[in-house]
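Heads up, the thing below is written out as structure tokens.
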Amino acid sequence: MVATRALDLTSGLATLSLLCGLFGSAKGVSLEVSTEGGNSSSPLLYGFMFEDINHSGDGGIYAQLLRNNGLQGSKPDLTAWGSVGNSKIAVDSDNPLTSAITHTLRVDVPKEATGRVGVTNAGYWGIPVDGSNFHTSFWIKGKLDGDITARLVGNGTGTEYASKSISVSSNGNKFTVVDASFETTKAPDGNVYYELTVDGKSVAGSSLYFGLVQLFPRTYKDRQNGLQPKLANALESVKGSFLRFPGGNNLEGDDGGSRWKWNETIGPVEDRPGRQGTWTYPNTDGLGLDEYFYWCEDMGLEPVLDVWAGFALQSGGNTPITGDALKPYVDDVLNELEYVLGDKSTKYGALRASYGRDDPWPLKMVEIGNEDNLGGGCQSYSERFTAFYDAVHKAYPDLTLIASTSEKSCLPSSMPKGAWMDYHDYNSPDGLVGQFNYFDNSDRSVPYFIGEYAQNGVDWPIMQGSVAEAVFMIGLERNSDVVKMAAYAPLLQLTNSTQWKPNLIGYTQSPTGLVETSSYFVQEMFSVNRGDTIKKVTSDLSFGPVYWVASSAKDAYFVKLANYGSKTQDISIAISGKNQGKLTVVADDDAKAANTDTETPIAPTDSTVSAKDGKFTFTLPAWSVAVLAAS
């Protein structure tokens, strides 16, 4: 997730388009959509790219709600934890929970203790209590025969949103696992903390150790160790076709030792050590390899698995791994693919089955590395890509393998047949519009995956930028014979901890704290309204400030339009035999208008339109994106 350069607008078409957009057009646009022939469009065109950035995984779509719950990362501390009563808490390394979770939370209770003692956790800047049935679990070591009370409490108000008394019998020789479910009352905001307490007299003068304390609401599709419904439902509404994971930069790590390691993200969560993530905070890896595949299964997405290719982010002092030294990492990817694709008779397929998944995962696409054109990775990438490609293709010839860049200087002189290239573009609005026709004359022999793109330079997507993204996407869709997939990035943003701006969806820890941005609405409109054949469109004007593409699926026709300008535009569309349609529009006269965590002025509108004299006619507002769906 590193911004690529903004490309110069050197083409006459791009310059003309921008000038028309800025000064408006005195004439409307008439379009005639052919109902004959057309070019096949990729069925996977719109989807998602995900990495744990902006607390989009831990603290976001991964539903476990307690922060620092496993005391993981390079420097375990007491972040988010507090004490109750006159007890004292500390990070303890002498009583590890497992070989993976090597630090636990020690609670020291003084001899004169009375009343309730224990710990609190503030969550990820709060806890969204949505009124569903919650589940908590933890491991405890130390002598206790009595009750532990788990509560969810309003911070500052003392309002109790849940309370559960749990009978516990533990000792000082080993950890005992405890779990319980309880009902909650929906909180009005996310200003809530979690509390675990015991009667101070019953443990006076002793220490208790807590390991890997967890708290889950009801998850998306009721999946164990699953996703937060608030965010998952917003993504489900987009009806995307694929999910690329686990990165992004968070795949690479700051060095080879801190890269995302697939085998440390599988199995019971107490056996996952987590790691210091690329984006400033520890990753629990509770959202691990299998959880990503369940996400795909539950949302109907094609998985695109990114694998580490011998290059870490901080290239200074981290020379790319090449030659014979690369072989262990190639073997590691083959082991990962056996875990994903092998049957139960294989070593790693049997391991997957032991964790509850008998059938192989339906993986068809693998990307080799991430943005290897950047940070000093280009010179060695041809060798590294070839080493991984040859080994993986030999073992799994049916997999589509994707290079992590499209820069020819970084790739083999002749790309293997069937391989794809990944193209990223973070750009200004004008820059994205200038890329509208980028793929018009591309070599069709090597398909493209647009793995990351978005407007840049703003805190939240602005309307002008979202229209520019739509123009770029119209260009992709017009070329969706060679552009196979495209994903906006980054996907999610916890507003309390953001490392990259802008993002598609923002959220807070309020149960209803969700920001669907103008760019989100564009993604949803374009993905939901998809044809399988791109149709020829005859127009009386050239592109700019209005841009368009038409497609069909059986008897349905879809015309997507973007008005990249400050003036309204009259539109006329003829589709033979079509007389009724739905028009969806998202717009704002203010080019800098944005949906944020404090205001949401932008929302799509739907209307029914009828053709007169064989034509649909309507007006596109300034700075607008529209889809006409006719059937």
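Observations, loosely collected:
- Any chance residue 162 is more than 30 Å from residue 364 (Cβ to Cβ) and of a type in the set (A, V, I, L, M): yes
- Of all residues in region 27-59, those satisfying the criterion of being assigned to a loop (DSSP other than H, G, I, E, B) and more than 30 Å from residue 503 (Cβ to Cβ) are 27, 28, 34, 35, 36, 37, 38.
- Looking only at region 135-169, and only at residues there that are among the β-branched types (Val, Ile, Thr) and either without any contact (Cβ under 8 Å) to a residue 40 or more places away in the chain or not in a strand (DSSP E or B) (or both), the one that is nearest to residue 96 (Cα to Cα): 168
- Only one of 290, 255 that is closer than 27 Å to residue 43 by Cβ and of a type in the set (Asp, Glu): 290
- Matching residues, region 290-306, being surrounded by 23 or more Cβ atoms within 10 Å (Cβ to Cβ) and either in contact with an Asp or Glu (Cβ under 8 Å, 6 or more places away or on another chain) or on the phi > 0 side of the Ramachandran plot (or both): 304, 305, 306
- Residue that is surrounded by the most Cβ atoms within 10 Å (Cβ to Cβ), among those in region 507-538 that are more than 20 Å from residue 487 (Cβ to Cβ) and of a type in the set (Lys, Arg): 535
- Applying the criterion of at least 3 residues that are on the phi < 0 side of the Ramachandran plot and not β-branched (Val, Ile, Thr) to the strands (runs of 3 or more DSSP E) found wholly in region 80-125 leaves 81-84, 88-92, 104-108.
- Number of positions in region 603-615 that are surrounded by 13 or more Cβ atoms within 10 Å (Cβ to Cβ) and under 24 Å from residue 523 (Cβ atoms): 2
- Odd one out for residue 541, checked against (1) within 25 Å of the chain's Cα centre (by Cα); (2) more than 16 Å from residue 228 (Cβ to Cβ): (1)
- Residue count for region 103-129 under the criterion of being surrounded by 18 or more Cβ atoms within 10 Å (Cβ to Cβ) and within 36 Å of the chain's Cα centre (by Cα): the result is 15.
- Residue within region 262-283 that is in contact with a strand residue (DSSP E or B) (Cβ under 7 Å, 6 or more places away or on another chain), within 27 Å of residue 74 (Cβ to Cβ), charged (D, E, K, R) and buried (at least 22 other Cβ atoms within 10 Å of the Cβ) present: yes
- Unique residue being surrounded by 19 or more Cβ atoms within 10 Å (Cβ to Cβ) and more than 25 Å from residue 110 (Cα to Cα) when the list is 182, 175, 216: 216
- Among (1) surrounded by fewer than 19 Cβ atoms within 10 Å (Cβ to Cβ); (2) part of a helix (DSSP H, G or I); (3) within 21 Å of the chain's Cα centre (by Cα), the one test that residue 496 misses: (2)
- All of (1) within 30 Å of residue 65 (Cβ to Cβ); (2) modelled with pLDDT of 95 or more hold for residue 313 with one exception: (2).
- Each residue in region 415-466 was checked for being part of a loop (DSSP other than H, G, I, E, B) and either closer than 21 Å to residue 516 by Cα or of a type outside the set (A, V, I, L, M, F, W, C) (or both), and 21 pass.
- So residue 186, is it touching an Asp or Glu at 6+ places or on another chain (Cβ under 8 Å), outside any strand (DSSP E or B), touching a residue at least 40 places away in the same chain (Cβ under 8 Å) and not polar (S, T, N, Q): yes
- Residue match in region 290-302 (condition: over 24 Å from residue 399 (Cβ atoms) and in the same structural domain as residue 420 (by TED's automatic domain parsing)): no
- If only residues of region 439-459 that are surrounded by 22 or more Cβ atoms within 10 Å (Cβ to Cβ) and hydrophobic (A, V, I, L, M, F, W, C) are counted, the one that is farthest from residue 522 (Cα to Cα) is 449.
- Strands (runs of 3 or more DSSP E) completely within region 544-603 that count 2 or more residues being without any contact (Cβ under 8 Å) to a residue 60 or more places away in the chain: 580-587
- Being among the hydrophobic types (A, V, I, L, M, F, W, C), touching a strand residue (DSSP E or B) at 6+ places or on another chain (Cβ under 9 Å) and surrounded by fewer than 16 Cβ atoms within 10 Å (Cβ to Cβ) holds for only one residue in 541, 620, 561, 628, and it is 541.
- Of all residues in region 342-372, exactly one satisfies the criterion of being assigned to a helix (DSSP H, G or I), over 20 Å from residue 296 (Cα atoms) and in contact with a Leu (Cβ under 9 Å, 6 or more places away or on another chain), namely 348.
- Of the residues 174, 141, 230, the single one that is over 15 Å from residue 66 (Cβ atoms), among the basic types (Lys, Arg) and assigned by TED's automatic domain parsing to the domain that holds residue 269 is 230.
- Some residue of region 471-492 being touching a His at 6+ places or on another chain (Cβ under 9 Å) and not assigned by TED's automatic domain parsing to the domain that holds residue 564: yes
- Residue check, residue 364 under 20 Å from residue 487 (Cα atoms), surrounded by fewer than 18 Cβ atoms within 10 Å (Cβ to Cβ) and either basic (Lys, Arg) or not assigned by TED's automatic domain parsing to the domain that holds residue 442 (or both): yes
- Residue match in region 396-408 (condition: touching a residue at least 60 places away in the same chain (Cβ under 8 Å), outside any loop (DSSP other than H, G, I, E, B) and surrounded by fewer than 21 Cβ atoms within 10 Å (Cβ to Cβ)): no
- Restricting the first member to region 378-393 and to residues that are of a type in the set (S, T, N, Q), and the second to residues that are buried (at least 18 other Cβ atoms within 10 Å of the Cβ) and in a helix (DSSP H, G or I), the beta-carbon pairs closer than 7 Å and six or more apart or on different chains are 382/410.
- For region 513-540, the candidate set comprises residues that are modelled with pLDDT of 95 or more and assigned to a loop (DSSP other than H, G, I, E, B); within that set, the residue that is farthest from residue 625 (Cα to Cα) is 513.
- Residue 504 fulfils the conditions (1) closer than 29 Å to residue 28 by Cα; (2) surrounded by 24 or more Cβ atoms within 10 Å (Cβ to Cβ); (3) without any contact (Cβ under 8 Å) to a residue 60 or more places away in the chain except for a single criterion, (1).
- Tabulated pairs, region 32-53, first farther than 30 Å from residue 276 by Cα, second of a type in the set (Phe, Trp, Tyr), C-beta under 8 angstrom, 6+ apart or interchain: 33/557; 35/557; 44/242; 46/526
The values are calculated or read from the model by the stated rules, or taken from the named source; none is laboratory data. Please read all numbers here as calculations on a predicted model, not as lab measurements. A quick note on method: Cβ atoms are made from the backbone with ideal geometry, for glycine too, and the neighbour counts reach across all protein chains shown.
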